[in-house]
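To start, the structure under review is shown below, and the notes come after it.
The values are calculated or read from the model by the stated rules, or taken from the named source; none is laboratory data. Here the structure is a predicted model, which is why all the values come from computation and not from measurement. Cβ placement follows ideal geometry from the backbone for every residue including glycine, while neighbour counts extend to all protein chains displayed. All accessible areas refer to the heavy atoms of the entire protein, side chains included, with ligands and DNA or RNA removed. Shrake-Rupley method; radii C 1.70, N 1.55, O 1.52, S 1.80 Å.
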Amino acid sequence: MSTNGDAPLVEVESLVKYFPIKSGLLSREVGRVHAVDDVTFSVREGETLGLVGESGCGKSTLGRTVLRLLDPTSGDVKFRGRSIAKLRRRELRPVRREMQMVFQDPYASLNPRKRVGSIIAAPLQIHGVGDKKERRKQVQDLLQTVGLSPEHYNRFPHEFSGGQRQRIGVARALALRPKLIVADEPVSALDVSIQSQMLNLLDDLQEEFNLTYIFIAHDLGVVRHVSDRIAVMYLGKLVELSPAEELYERPIMPYTEALLSAVPIPDPDLSDQRERIVLEGDVPSPINPPSGCRFHPRCRYMTDICAQVEPPLVDYGNGHLAACHHPLNVDKETLDRVKVSKLHTPAAADESAKPRDTSGESPGSGHLEV
Amino acid sequence: MAAIKHQFGLDRSLPVQYLLMMKRLFITRDLVSYGNQALNVVPAITQAAPVTFSLVIGAAVIWVVFSVLIGLLAVILKGTIFDPLLMILALIGISMPVFWLGEVVNLITQSPNRSVIFSWVPPLGYVPITSNPWQWFLHLIFPWLTISVLYIGFYARVLRANLLDVENEDYVRTARAKGLSERRVLIKHMLRTSMITFVSLFGLDFGVLVGGGALLTEVVFGLPGVGKLTYDSLVKLDLPVIMATVIYGAFFITIANALVDVLYARLDPRIRPA
Amino acid sequence: MAEPLLEVKNLKVSFRTEDGVVKAVDGVSFTLSPREVLGIVGESGSGKSVTMMSVLRLINDPNMQVEGEVIYKGRDVMKLDKDQMQEVRGGDIAMIFQDPMTSMNPVYRIGDQIAEAILTHQDVDKRTAHKRAVDLLKQVGIPQAETRVDDFPHQFSGGMRQRAMIAMALANNPDILIADEPTTALDVTIQAQIIELLDKLKDDFGSAIILITHDLGVVADIADRIAVMYAGRIVEFGAKRDLFYDPQHPYTWGLLGSIPRLDRPKTARLHSIEGMPPSLISPPQGCKFRPRCPHAFEKCMEEPELVSRVDKRDHLDRCWLEPATKRVARYQTIEGGQAA
Ligand SMILES: Nc1ncnc2c1ncn2[C@@H]1O[C@H](COP(=O)(O)OP(=O)(O)OP(=O)(O)O)[C@@H](O)[C@H]1O
Ligand SMILES: Nc1ncnc2c1ncn2[C@@H]1O[C@H](COP(=O)(O)OP(=O)(O)OP(=O)(O)O)[C@@H](O)[C@H]1O
Ligand code: SF4
Ligand SMILES: [Mg+2]
Ligand SMILES: [Mg+2]
């Protein structure tokens, strides 16, 4: 199959992944963790899609399901136009070569009893690439590519620092010359100075090998730096998807707005000036997610409708999608144009427009019959 | 042969055999010993059980108290020569075979020319607590100590290892940072969480012992408990009694397991249902 | 200048290990004034935790050696006896730790753990202590404090546990609250909640705060002064604004430049500090940052003192470069090539 220029490399369609919670003698299913719930997006070849959200919102699960390391509950994942959600193990093998993962914890993701050389060579061996000698050469090249030295071939992981281990993990992922790399918080465990080395390395590799990244992180600064587009997740839902710069300039979903304003800025004056939105409370349980918009219990623009109707993911133009009844930073015309105005009313940030106390005649509640 | 088979219902299907057995054990209680046709099995066990209980409960009190003391002491004295010394003592205790230790104790305390220090020791045997508590105590003191030696050694080592693990826990550091005294940190914060493992081990060992596991001690000290009963019937191949003691043993081990689970949940709120 | 509340003088902490002596803290000195917020920033392993734990003498590793003085209210904490030390801990100086998940004893109720802190230092009965625990939980923003006070730690979320830890630390109105990376294990939105809470509580309780973090952004908000640590030493120390707007040490520049920032236009490449933190067993000769420093020159083979090199007396640094040279050199690092 040949790739035509604009076709997305990965298409995720209404992807759902629930984890059953079993209890009792008979392992009866008593509930489900709604880890990923009806997520749709696509990734173009050569681009970096950033995936952000708070702990437990389903980022890792989504990444693993896209790679079929987990079987989806429903929905589909297409790689180069071909559905892989239901492929059998053998059919999956050639696809697997093209998709790799880098894991968060540089300490736990490398087998401590194996030498670095055989860790990186493992995927080559599994897929029967080359003979022993060729593989050795290839691994030494890879070590150099990720900024380690070929002499490290015979060392053990524990002899390396966290940043170096993460490089080993990247080398392992690169071994099969994949097209897509899902990087699950590759820098979260590293110190800032090491983190920036790693980000630069990932950047260089993307250019050199024309890689496509799905880059998972919870640090919005990091995600902005690496991503072309950014997807924001909240409790298993995709709540906003936007070109990177635009997300920071005009977030539409109030959760994104709050998330952005919570990022500490290393500049005292700017930090003093800016308005901080401190979200109240914790992320609710993904076992019984809130009704309607999942963010409504913590949202300062919440009205009755938010608790009752789940907002659809609406395209506000320029590839900027968001799911919210009271979108921010959207003008009247755009709202009219996207034709969901019956449900959606713009939100304003000031207190007077805050329609939280819904005594009956608030702007949102009039549309409930819809 | 066929008659005997029929008497025990061994010619019936397995589930029926089982039910018949249970009926004879618990309802009609007319399962009769081979060796001594006058001996009904169930009353024999109910007579022997209090002896075993006296033996095991007394020993358990001793071993819990002493192993906790030794475990704590070893942790307090960590870094001094006494910690390894205590642990070597414990190891010696663990490796001491019970019957051998029992015989040695008997040799010292029972022989006709024993030293005057042991002149108070009564002859081997058992006196029920209901007839004479003091004599009950005197008769059991050496059997108690004999059993305990092994368990004190074992439990002291387990506890010490646990305490040293817990010592590095963040919440112990928090407790120190609150300004609690070392003693309070040790007893309230470290010992309490260490007891979770301790108690689960204890429950299982206790169940096994009550269920007849103290066999050797009972034999050596001539205590007519369940262990002795099992031993005697094993020697005589007295099948009905063996069956009954095995079921009795299994019963207590199961009960102990269940109790451990309940206790475990009491000790560790994390596994308590919300 | 007002009488300092706490004065650490030339603190040195080392650990004997199989590979050699780890000099975890090597000559750290600082003062803390009443009600001040002091930020301590540095990478993993730079000695932030060891410094603060030694102030409370919380490390009891037989292989540890401590030198130096920690003067609190005119007394050297290092010389206090056991009872006096226990009075200081949790009473005068309280401490909270990084991981809220493991910092509370899982088998006791939250309220009892807070009450324990109160009962240790105050002469009150259990009922009063329990009531005070409820009040404290309310003050740190736990909803339904009256009922939640009887929860076990595992029933609290990470953010709530950190709030409860803060409540416990403030239970005895300490003069100093040491917070060792209180938000590192938490999500950004929860981190924002906790920082705001600390900011509010420092006024309510009148405590000075020492806030340890590896994130310069966290201290930009609430710190008054900031110390940057590297390889067991303070390499730069100054008022917050001086440190952010007139940073004197190349390591500080590197830290500032390595952060992908939301408040600036996106740069093509991040600045990165090459290499790795030095070994604490055989540290490099001279300036400890020298092997990674792009501006190193001959003089750097000799270790610079922590002294003031600019016109501000309270702005200290450990770098041989001339302040004038620095002003030119640093922009490149911090602004990632887009010289201002
Ligand atoms: N194998 C599993 N069985 C049951 N529940 C699971 C499993 N894996 C993940 N979950 C749950 O699914 C939800 C999403 O988890 P996931 O690991 O995808 O989150 P995340 O966004 O990657 O969070 P983090 O930032 O902490 O890594 C969580 O509530 C988690 O507890
Ligand atoms: N008990 C110990 N024995 C040996 N070395 C130790 C001990 N405790 C700490 N160290 C070492 O001391 C150095 C400083 O550690 P410290 O915990 O103070 O770092 P930190 O700045 O708090 O880092 P982090 O951000 O990772 O918490 C580290 O290199 C550490 O390995
Ligand atoms: S003293 Fe030298 S090596 Fe150290 S930071 Fe300054 S210029 Fe760099
Ligand atoms: Mg994850
Ligand atoms: Mg630390």
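Considering (1) more than 9 Å from chain A (Cβ to nearest Cβ); (2) more than 25 Å from the chain's Cα centre (by Cα); (3) in a loop (DSSP other than H, G, I, E, B); (4) crowded, with 17+ Cβ neighbours inside 10 Å, say which one C:Pro294 fails and leave the rest.
Status for C:Pro294: all satisfied but (4).
Might you check whether a residue that is within 28 Å of the chain's Cα centre (by Cα) and among the small types (Gly, Ala, Ser) occurs anywhere in segment B:177-186?
No, there is no match, as no residue in segment B:177-186 is within 28 Å of the chain's Cα centre (by Cα) and among the small types (Gly, Ala, Ser).
Answer yes or no as to whether C:Ile40 is under 29 Å from C:Asp204 (Cα atoms), within 14 Å of ligand 5 (Cβ to nearest atom), open to solvent by less than 10 Å² (accessible area, probe 1.4 Å) and touching a residue at least 12 places away in the same chain (Cβ under 8 Å).
yes
Taking A:Pro290 and the conditions (1) under 17 Å from A:Glu310 (Cβ atoms); (2) surrounded by fewer than 19 Cβ atoms within 10 Å (Cβ to Cβ); (3) at pLDDT below 90; (4) of a type outside the set (Lys, Arg), which numbered condition does it fall short on, given that it satisfies the others?
All conditions are met except number (3).
Could you run through segment C:175-194 and say how many residues are farther than 15 Å from C:Ser157 by Cα and touching an Asp or Glu at 6+ places or on another chain (Cβ under 6 Å)?
Qualifying residue count for the region: 1.
I'm trying to understand the selection: among the residues of segment B:176-207, which are of a type in the set (Ser, Thr, Tyr) and open to solvent by less than 20 Å² (accessible area, probe 1.4 Å)?
Once the filter is applied, which keeps residues that are of a type in the set (Ser, Thr, Tyr) and open to solvent by less than 20 Å² (accessible area, probe 1.4 Å), segment B:176-207 yields B:Thr193, B:Ser194.
Tell me the residue from C:Asp151, C:Asp187, C:Asp204 that is open to solvent by 10 Å² or more (accessible area, probe 1.4 Å), more than 12 Å from every other protein chain (Cβ to nearest Cβ) and among the charged types (D, E, K, R), please.
Unique residue meeting the criteria: C:Asp204.
hydroxyl-bearing (Ser, Thr, Tyr) and open to solvent by 30 Å² or more (accessible area, probe 1.4 Å): which single residue out of B:Tyr248, B:Tyr231 fits that description?
B:Tyr231
C:Met95: surrounded by 22 or more Cβ atoms within 10 Å (Cβ to Cβ), in contact (Cβ under 8 Å) with a residue 40 or more places away in the chain, within 11 Å of another protein chain (Cβ to nearest Cβ) and part of a strand (DSSP E or B), yes or no?
Yes: the conditions hold for C:Met95.
Identify all residues within segment C:60-91 that are surrounded by fewer than 20 Cβ atoms within 10 Å (Cβ to Cβ), modelled with pLDDT of 90 or more and facing chain B (nearest Cβ under 9 Å); write none if there are none.
If the condition is that a residue be surrounded by fewer than 20 Cβ atoms within 10 Å (Cβ to Cβ), modelled with pLDDT of 90 or more and facing chain B (nearest Cβ under 9 Å), then C:Lys82, C:Asp83, C:Met85, C:Glu87, C:Gly91 are the ones that fit.
Which residue is farthest from the other protein chains (Cβ to nearest Cβ), if the candidates are limited to segment C:98-129 and must be open to solvent by 60 Å² or more (accessible area, probe 1.4 Å) and without any contact (Cβ under 8 Å) to a residue 24 or more places away in the chain?
Per the criteria, the residue is C:Arg127.
When you go through (1) more than 27 Å from C:Arg292 (Cβ to Cβ); (2) open to solvent by less than 30 Å² (accessible area, probe 1.4 Å); (3) within 16 Å of ligand 4 (Cβ to nearest atom) one by one for A:His218, which number turns out not to apply?
(2)
Out of C:Leu256, C:Leu280, C:Leu270, I need the residue that is assigned to a loop (DSSP other than H, G, I, E, B), within 11 Å of chain A (Cβ to nearest Cβ) and surrounded by 17 or more Cβ atoms within 10 Å (Cβ to Cβ). Which one?
C:Leu270
For the structure I just gave you, tell me whether C:Ala227 is assigned to a helix (DSSP H, G or I), under 19 Å from the mean Cα position of the chain (by Cα) and either more than 30 Å from C:Ile142 (Cβ to Cβ) or more than 16 Å from ligand 2 (Cβ to nearest atom) (or both).
No: the conditions fail for C:Ala227.
How many of the residues making up segment A:261-276 are open to solvent by 20 Å² or more (accessible area, probe 1.4 Å) and either over 13 Å from C:Gly217 (Cα atoms) or aliphatic (A, V, I, L, M) (or both)?
Summing the residues that are open to solvent by 20 Å² or more (accessible area, probe 1.4 Å) and either over 13 Å from C:Gly217 (Cα atoms) or aliphatic (A, V, I, L, M) (or both) in segment A:261-276 gives 5.
Answer yes if at least one residue in segment C:138-146 is crowded, with 16+ Cβ neighbours inside 10 Å, within 14 Å of chain B (Cβ to nearest Cβ) and not in a loop (DSSP other than H, G, I, E, B), and no otherwise.
no
So if I check each of C:Ala239, C:Ala223, which one is among the hydrophobic types (A, V, I, L, M, F, W, C), open to solvent by 10 Å² or more (accessible area, probe 1.4 Å) and more than 7 Å from chain A (Cβ to nearest Cβ)?
Result: C:Ala239 is the single residue among C:Ala239, C:Ala223 that is among the hydrophobic types (A, V, I, L, M, F, W, C), open to solvent by 10 Å² or more (accessible area, probe 1.4 Å) and more than 7 Å from chain A (Cβ to nearest Cβ).
From the list C:Met160, C:Met165, which residue is part of a helix (DSSP H, G or I) and more than 16 Å from ligand 5 (Cβ to nearest atom)?
C:Met160
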